[in-house]
Amino acid sequence: MKDLLKYFKGYIVETILGPLFKLFEALFELLVPLVIARIIDHTIPSGDQGQLNKQIGILFGLAALGILVALIAQYVSSKSAVGFTKQLNQDLFEKIMSLPKESRDQIGTSSLVARLTADTLQIQTGINIFLRLFLRAPIIVFGAIIMAFSIDAHLSLYFLVMVAVLFVIVFAVARLLNPLYATIRKKLDTLVNQTREQLQGMRVIRAFGQVEREKQAFQETNQAYTSLQIKAGNLSNLVAPLTFLTVNVTLLIVLWQGGMQVGGGSMSQGTLVALVNYLLQILTELLKVAILVTNLSQAFVSAKRVSAIFSETSEDLNQPLPEAVSLDLVLDVAELYFSYPEAHEPALENLNFQLAKGESLGIIGGTGSGKTSLVQLLCHLYQPTSGRLQIFANGQSPRTIADWRQWVGLVPQKAELFKGTVRSNLMLGLSNEPVSDDQVWQVLEKAQAKKFVAEKEGGLEAPVEAFGRNFSGGQRQRLTIARSLMQERPFLVLDDSTSALDYLTESKVLTTLKAMAVTLVMVSQRTRSLQSLDKILVLDEGKQVGFGSHEELLMTCPVYREIHESQQV
C-alpha cells in the first residue's frame, strides 16, 4: 500500500496543519481542568468577584480558541482527504481502463465498481478521521495522565492501569474486525454484481415472470451481507460499553480514594475535580480512538483492495507483434486454440481457415459455439492460447496491439450508446480533427440511419439517453454501425449487430458495406444474412465444422444445413 502514499504529495501542508491544529485544540482542553481547580480552591473561597470574572473569561477564551483551531483543523483535514481521494479515483479509473480484458474479467465488473466508489470513499473517511484524531487523542490521553500525575501521583496510577486495559480492548476488537471487514467487502461485490445484473435484465426478468425468484435471490444475498454487518457492528459496539465500564470503575476508585484524601486534608476539592475532569477527557478521547480504529480497519481493508488493482499489470498497447507479409491474404488462422482464464476446456479448438483479398467472412453457430470468443480474438481483446492469427492490410500485418485495434472496427453484439447527443456518440473514439456535418450525414446514410436521425428534433444534436433508451433496438444498432464507419479501417466486425433489423434494411446495410474498401466479418444467427458473403465459418462447441460459401456448406456441412432448414419454416 506504499504506492498510495504518493497522493499526499500535493496536500503535505494540509496533512501537517490538520493534526497540528488538533494538537493546539488538545492543549487548550488540557488547561481547562487546571483553571477550574484554581477557581474552586482559590477564587471562590477568596470571594474576589473580579478574579472570578477573569477566570471565567479565560475559560471562554480557551473555548473560543479551541473552536477556532478545531474548525481550521476540520477544513484542512477534509481538504487533504478529499484531494487525496480525487486524484486516487482518477488514477484508479485510468488503471482499470488500462487493464487487459483477462484481468478485468477475473476481478469482475461489480468488484471494480465497488473499489472505485465504496472503497475510495472509505479511504477518504479513514484519512479524514485519522488526521483529526491521531495526534489529538494520544495528546489528550497521555497529557491528561501527565497533568494528573503533576496533581497526585498516587491516584494517577489508576489512570495508567485504565488506559492499558482500554488499549487492550480496542486493539483486540480491531484484530477481530479486520478479517470480518474483508469478508464484508467481498460480499458487497457480490451484492453489487447481483443488483447490476437484475437491473440490466429487468425486462427479461419480467417477461419470464421471474420477479419473485430474483427478489428472493437478492433477499438471500442481502440478508447474508446484513448478518455480516450486524456481526461487525456488534463487535465494534462492544468498545463503548467496555470503555464506560472501565472508566466508571476507575472513576469510583478515584472518587473513593480522593474523597478520603479530601476528608483527611491531604487533597483539595479543586484538585479532585480536576482529576475527575481529566478522567472524563480520557473517556471521551478513548471513545474517539475506538471510532478511529473501527474506521481505520475498514479503510485499511479498502486500501488493500485498491492497491491490489494498482499492482495488476497494465496492458502494453505498444507491445510488438510478429511481423508478417502476405500479398494474397487479409486473414490467416492456423491451428488456433483459445481458453479463458481458469477454464477447464478450450473455448476454441484447432481453427484453420484463410480469407483472401476482397473476400468477406460470415461466422455462424449455435449458442456457446465460440462466435463471440473468435470476435474478441479478431479484435485482439484476448490473445490466442496457441496457434496463429494474423490480419493483413496492403500486404502488411500490424506492428503493435494498438495498431491492430486501430485496424479493426467493432460493432458489438449489444448496441452500446452513451448519454449525450447523436453527434457525441458518433464521434466516440475519434481524434480532435474536425468532421463536417456532411461527412456525418454520409456515414449515417451508409448505415441506413439518416432518415430517423433527421426526423429527430435537433438532428445530430438530438439527445441520447443513457444506454440509448430513447431509441429502438434497430435504431441503436444502426447508430453503432455508423459510429464504426466514422473512421476508415481495413476491417469491420459485426458481432450479430443486425439482429434487430428487418431483412430489407439489413440487406441495404450489407450491400453498402460490401461495396466499401473494407474486409467485412459478420457474425449472425441467420443464414439468409450470411449467404451473400464470400466465405462462411461454421462453429460447433468451439470446433470448426465447416468453411466455404453458402452453396458449398449446404452440400457439405450437416450443421449449417440444419440451421438453414430450421429457418425456412
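The values are calculated or read from the model by the stated rules, or taken from the named source; none is laboratory data. Keep in mind it's a predicted model, so treat the numbers as computed, not measured. As a convention, Cβ positions derive from the backbone with ideal geometry for all residues, glycine included, and neighbour counts pool all protein chains shown.
At-a-glance table
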{"quantity": "Flag if residue 53 is over 26 Å from residue 269 (Cα atoms) and not in a loop (DSSP other than H, G, I, E, B)", "calculated": "no"}
{"quantity": "Flag if residue 499 is within 26 Å of residue 397 (Cβ to Cβ) and among the small types (Gly, Ala, Ser)", "calculated": "no"}
{"quantity": "Unique residue being under 39 Å from the mean Cα position of the chain (by Cα), buried (at least 21 other Cβ atoms within 10 Å of the Cβ) and either among the hydroxyl-bearing types (Ser, Thr, Tyr) or more than 26 Å from residue 134 (Cβ to Cβ) (or both) when the list is 311, 302", "calculated": "302"}
{"quantity": "Qualifying positions in segment 279-315 - closer than 30 Å to residue 380 by Cβ and polar (S, T, N, Q)", "calculated": "307, 311, 313, 314"}
{"quantity": "Flag for residue 290 being touching a residue at least 12 places away in the same chain (Cβ under 8 Å), in a helix (DSSP H, G or I) and farther than 19 Å from residue 136 by Cα", "calculated": "no"}
{"quantity": "Residue check, residue 216 surrounded by fewer than 16 Cβ atoms within 10 Å (Cβ to Cβ) and among the polar types (S, T, N, Q)", "calculated": "yes"}
{"quantity": "Residue satisfying all of: in segment 182-227; free of Cβ contacts under 8 Å to residues at least 24 places away in the same chain and acidic (Asp, Glu); farthest from residue 469 (Cα to Cα) among these", "calculated": "220"}
{"quantity": "Residue match in segment 21-29 (condition: more than 24 Å from residue 276 (Cα to Cα) and either modelled with pLDDT under 70 or outside the structural domain of residue 92 (by TED's automatic domain parsing) (or both))", "calculated": "no"}
{"quantity": "Cβ-Cβ under 6 Å pairs, at least 6 apart or on other chains, segment 409-424 side assigned by TED's automatic domain parsing to the domain that holds residue 467, far side hydroxyl-bearing (Ser, Thr, Tyr)", "calculated": "409/484; 411/480; 411/484; 411/497; 415/480"}
{"quantity": "Filter result for the condition that a residue is surrounded by fewer than 16 Cβ atoms within 10 Å (Cβ to Cβ), in a helix (DSSP H, G or I), touching a residue at least 60 places away in the same chain (Cβ under 8 Å) and not small (Gly, Ala, Ser), over 253, 230, 282", "calculated": "253"}
{"quantity": "Residue in segment 556-566 that is touching a Lys or Arg at 6+ places or on another chain (Cβ under 6 Å) and in contact (Cβ under 8 Å) with a residue 12 or more places away in the chain present", "calculated": "no"}
{"quantity": "Scope segment 109-158; condition modelled with pLDDT of 75 or more, surrounded by fewer than 20 Cβ atoms within 10 Å (Cβ to Cβ) and of a type in the set (Gly, Ala, Ser); matching residues", "calculated": "110, 118"}
{"quantity": "Pairs, first touching a residue at least 24 places away in the same chain (Cβ under 8 Å) in segment 136-147, second part of a helix (DSSP H, G or I) and among the polar types (S, T, N, Q), C-beta under 6 Å, six or more apart", "calculated": "140/281; 144/281"}
{"quantity": "Residue check, residue 160 without any contact (Cβ under 8 Å) to a residue 24 or more places away in the chain, assigned to a helix (DSSP H, G or I), more than 30 Å from residue 5 (Cα to Cα) and not charged (D, E, K, R)", "calculated": "yes"}
{"quantity": "Leading residue by the ranking (farthest from residue 396 (Cα to Cα)) among those in segment 316-356 that are surrounded by fewer than 15 Cβ atoms within 10 Å (Cβ to Cβ) and over 41 Å from the mean Cα position of the chain (by Cα)", "calculated": "356"}
{"quantity": "Checking residue 403 against (1) more than 34 Å from the chain's Cα centre (by Cα); (2) modelled with pLDDT of 85 or more, the condition it does not meet", "calculated": "(1)"}
{"quantity": "Residue selected from segment 425-438 under the condition in contact (Cβ under 8 Å) with a residue 40 or more places away in the chain and more than 25 Å from the chain's Cα centre (by Cα), by the criterion farthest from residue 456 (Cα to Cα)", "calculated": "430"}
{"quantity": "Any hit, segment 311-333, residues being more than 30 Å from residue 390 (Cβ to Cβ) and touching a helix residue (DSSP H, G or I) at 6+ places or on another chain (Cβ under 7 Å)", "calculated": "no"}
{"quantity": "Residue 456 vs. criteria farther than 16 Å from residue 498 by Cα, more than 35 Å from the chain's Cα centre (by Cα) and not hydroxyl-bearing (Ser, Thr, Tyr)", "calculated": "yes"}
{"quantity": "Some residue of segment 171-181 being closer than 22 Å to residue 234 by Cα, of a type in the set (Phe, Trp, Tyr), exposed (fewer than 14 other Cβ atoms within 10 Å of the Cβ) and more than 18 Å from the chain's Cα centre (by Cα)", "calculated": "yes"}
{"quantity": "Test result for residue 215, in a helix (DSSP H, G or I), outside the structural domain of residue 289 (by TED's automatic domain parsing) and closer than 30 Å to residue 282 by Cβ", "calculated": "no"}
{"quantity": "Matching entry among 72, 127 (being out of contact with any strand residue (DSSP E or B) (no Cβ under 8 Å at 6 or more places or on another chain), more than 19 Å from residue 4 (Cβ to Cβ) and in a helix (DSSP H, G or I))", "calculated": "72"}
{"quantity": "Total residues in segment 500-513, condition assigned to a helix (DSSP H, G or I) and over 13 Å from residue 531 (Cα atoms)", "calculated": "6"}
{"quantity": "Meets criteria (in contact (Cβ under 8 Å) with a residue 12 or more places away in the chain and within 18 Å of residue 317 (Cα to Cα)) for residue 398", "calculated": "yes"}
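Rundown of residues vs (1) more than 17 Å from residue 363 (Cβ to Cβ); (2) β-branched (Val, Ile, Thr); (3) crowded, with 22+ Cβ neighbours inside 10 Å; (4) not assigned by TED's automatic domain parsing to the domain that holds residue 391, yes/no style:
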| position | (1), (2), (3), (4) |
| --- | --- |
| 482 | yes, no, yes, no |
| 493 | no, yes, yes, no |
| 503 | yes, no, no, no |
| 512 | yes, yes, no, no |
| 521 | no, yes, yes, no |
| 539 | no, no, yes, no |
| 543 | no, no, no, no |
| 560 | no, no, yes, no |
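Quick grid of which residues meet (1) surrounded by 13 or more Cβ atoms within 10 Å (Cβ to Cβ); (2) closer than 14 Å to residue 420 by Cα; (3) modelled with pLDDT of 90 or more:
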| site | (1), (2), (3) |
| --- | --- |
| 440 | yes, no, no |
| 443 | yes, no, no |
| 446 | yes, no, no |
| 450 | yes, no, no |
| 455 | no, no, no |
| 458 | no, yes, no |
| 466 | no, yes, no |
| 472 | no, no, no |
| 475 | yes, no, no |
